Amino acid sequence: MWDWEYAFSIMPQLLKALQITISATILGFLLACILGLLLAFARRSNFKPLSLVTGGFVEFVRSTPLLAQLYFIFYVLPQCGIMLSPLSAGVIGLGLHYSTYLSEVYRAGIDAVPRGQWEASTALNFSRTRTWLSVILPQAIPPIIPVMGNYFIGMFKDTPLLSAITLVEVLQAAKIIGSHTFRYIEPITIVGLMFLVLSYVSSVGIRRLEARLNRW
Amino acid sequence: MEAIQLNQYEDISPVIDKPIISYQKVSKSFGDLKVLREIDLDIAPGEIVAVIGSSGSGKTTLARMLMTLEQPTSGVIMVDGEPLWHKSVNGKLVPADEKHIRRVRSKIGMVFQQFNLFPHMTILRNVTEAPIHVLGISRAEAEERAVAMLNKVGLGNKLDVYPAQLSGGQQQRVAIARALVMRPKVMLCDEVTSALDPELVGEVLEVLKEIAAEGETTMLLITHEMAFAGDVADRIIFIDKGRIVEQGPPNVILSNPRNPRTREFLSRFRQQWASKS
């Protein structure tokens, strides 16, 4: 049933494809973190039109499937003259999609910082930027690390969707190997185990990070 | 202002030549609720003013507007000769921008009822963060200043601990050091002992007394501690329903108030003391 020799022989190919999966996840998540914070700021803006447009955008992206968004970025944008490689399109799609979820997480974290912290910052005459950097974000982010971590793992597990825009990530690589050799059990099982191990390692890492950041 | 104003409560405000703080017909409403009504109040440089009154009288709002935490609905607040919330353009007062407000606000410091220390920073960093990033002084100089100030409030041995590891009284003393290290001309204290256990009130009031005795800082104390107000204040102001009802030297206000509302308010406090002891 299980052929060890075959399993080992396909490992190099799978590990190579796994690198694509990991790159897409990490880059996509970085983009989502930055974009999500910007969306959270825009949503909190006193300038009503900006806040409303941002709210609408977040709602729109969250209410449409990631796959449709990936298709749009990869197949529709080129018609407007924007050509992207599968990896870039995938990173942008994942980043954009998850940024809308993370913006809500940031918002919850920011809202949880007591009003007195803002008032103390005003009383000490901090600039707006300094208030965010020194006072608000350092208190808003540690409590939301576990939730952000969940989205990180969720995004990691969503990367096989990128195969729909021709990116050969690890699951697609397994499928291609299977279709060449007509042996699916080893490649698909190995990929499943890879996801399991990496998700587990990530969740342990996130818990460590959380403990580190919540020292006070 | 041309003349001393007499209001309906026969209260005569002292004439102050160059006030450091001047409220001019300042009103504040929250929706339909009028919290402060046309307050006129001048405070002299170095003066210690205690504001008393029941909760909801508007006394905290008085301080919060000066710290720019609440915007007055109408009227002008002058700080050291300059309008705080306004800018003079061609002789007319227009709403000020952030830059103007920050410049004028730098003369004011505040200590809060709930301390509002930064929980993620050590005590030392709580006190150095503003000098470094707002005043722009070097870290070494900021630390030197901060340590001196923390020694003054008796916490020079707690530099590396976090606020959560301190008692309420200690936290409030750090908050006082954090405000003072910015060397404000005016220091606002908003019910700084109200959140403290009774046995911790004394240590905070001692520190404030010391600062008051130095006479360098103008102080506006919003307080329920009548004995403390009587001890340190040059003038006590009684606010009721958004108006200054009576004001004067502590011995007059506390022992012989003229206004019936003041009498009623103070008698309630006397009864409370009596029932406590």
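Note down all Cβ pairs under 6 Å where the first residue falls in region A:123-137 and is within 9 Å of chain B (Cβ to nearest Cβ), the second is of a type in the set (Gly, Ala, Ser), and they're at least six residues apart or on different chains.
That search, which allows pairs on different chains as well, returns A:Leu124/B:Ala130; A:Asn125/B:Ser106; A:Val135/A:Ser121.
Please work out if A:Gly109 is at pLDDT 95 or above, in a helix (DSSP H, G or I), touching a Pro at 6+ places or on another chain (Cβ under 9 Å) and not polar (S, T, N, Q).
Numbers: at pLDDT 95 or above: yes; in a helix (DSSP H, G or I): yes; touching a Pro at 6+ places or on another chain (Cβ under 9 Å): yes; not polar (S, T, N, Q): yes.
The answer is yes for A:Gly109.
Against the definition (closer than 16 Å to A:Trp4 by Cα and either open to solvent by 50 Å² or more (accessible area, probe 1.4 Å) or in contact (Cβ under 8 Å) with a residue 40 or more places away in the chain (or both)), how does A:Val170 come out, yes or no? Show your work before the answer.
Values: closer than 16 Å to A:Trp4 by Cα: no; either open to solvent by 50 Å² or more (accessible area, probe 1.4 Å) or in contact (Cβ under 8 Å) with a residue 40 or more places away in the chain (or both): yes.
So A:Val170 does not fit the description; no.
Note down all Cβ pairs under 8 Å where the first residue falls in region A:16-39 and is of a type in the set (Phe, Trp, Tyr), the second is at pLDDT 95 or above and in a helix (DSSP H, G or I), and they're at least six residues apart or on different chains.
A:Phe29/A:Leu94; A:Phe29/A:Gly95; A:Phe29/A:Tyr98; A:Phe29/A:Tyr151; A:Phe29/A:Phe152; A:Phe29/A:Met155
Residue check: is A:Ile82 farther than 30 Å from B:Ile176 by Cβ and touching a Leu at 6+ places or on another chain (Cβ under 7 Å)? Steps first, please.
On the way: farther than 30 Å from B:Ile176 by Cβ: yes; touching a Leu at 6+ places or on another chain (Cβ under 7 Å): no.
No: the conditions fail for A:Ile82.
Would you confirm whether any residue within region B:166-180 is basic (Lys, Arg) and open to solvent by 60 Å² or more (accessible area, probe 1.4 Å)?
So far as region B:166-180 goes, no, none of its residues is basic (Lys, Arg) and open to solvent by 60 Å² or more (accessible area, probe 1.4 Å).
What number of residues within region A:159-198 are touching a helix residue (DSSP H, G or I) at 6+ places or on another chain (Cβ under 8 Å) and not in a helix (DSSP H, G or I)?
Summing the residues that are touching a helix residue (DSSP H, G or I) at 6+ places or on another chain (Cβ under 8 Å) and not in a helix (DSSP H, G or I) in region A:159-198 gives 6.
Has region A:29-45 got any residue that is at pLDDT below 95 and over 23 Å from A:Tyr151 (Cα atoms)?
Yes, because at least one residue in region A:29-45 is at pLDDT below 95 and over 23 Å from A:Tyr151 (Cα atoms).
Could you figure out which of (1) closer than 30 Å to B:Val181 by Cα; (2) away from chain B (no Cβ under 14 Å) isn't true of A:Ser163?
(1)
When only residues in region B:58-82 that are assigned to a loop (DSSP other than H, G, I, E, B) and more than 14 Å from every other protein chain (Cβ to nearest Cβ) count, which is nearest to B:Lys185 (Cα to Cα)?
Start the filter on region B:58-82 by keeping residues that are assigned to a loop (DSSP other than H, G, I, E, B), which leaves B:58, B:67-73, B:80-81.
Restricting the remaining residues to those that are more than 14 Å from every other protein chain (Cβ to nearest Cβ) gives B:58, B:72-73, B:80-81.
Numbers: B:Gly58: 23, B:Pro72: 21, B:Thr73: 25, B:Asp80: 9, B:Gly81: 13 Å.
Filtering region B:58-82 for residues that are assigned to a loop (DSSP other than H, G, I, E, B) and more than 14 Å from every other protein chain (Cβ to nearest Cβ), the one nearest to B:Lys185 (Cα to Cα) comes out as B:Asp80.
Could you please give the count of residues in region A:117-167 that are of a type in the set (Gly, Ala, Ser), surrounded by 17 or more Cβ atoms within 10 Å (Cβ to Cβ) and under 19 Å from A:Cys33 (Cα atoms)?
3
Tell me, which helices (runs of 4 or more DSSP H) lie completely within region A:1-81 with 3 or more residues that are over 30 Å from A:His180 (Cα atoms)? Write out each step before concluding.
Details: elements: A:4-44, A:48-63, A:66-71.
Qualifying helices (runs of 4 or more DSSP H): A:4-44, A:48-63.
The values are calculated or read from the model by the stated rules, or taken from the named source; none is laboratory data. Remember, predicted model here, so these are calculated numbers, not experimental data. When we count neighbours, we look across all protein chains shown, and the Cβ atoms used for this are built from the backbone with ideal geometry, even at glycine. These accessible areas exclude ligands, DNA and RNA; they are computed on the full protein's heavy atoms, side chains included. Shrake-Rupley method; radii C 1.70, N 1.55, O 1.52, S 1.80 Å.
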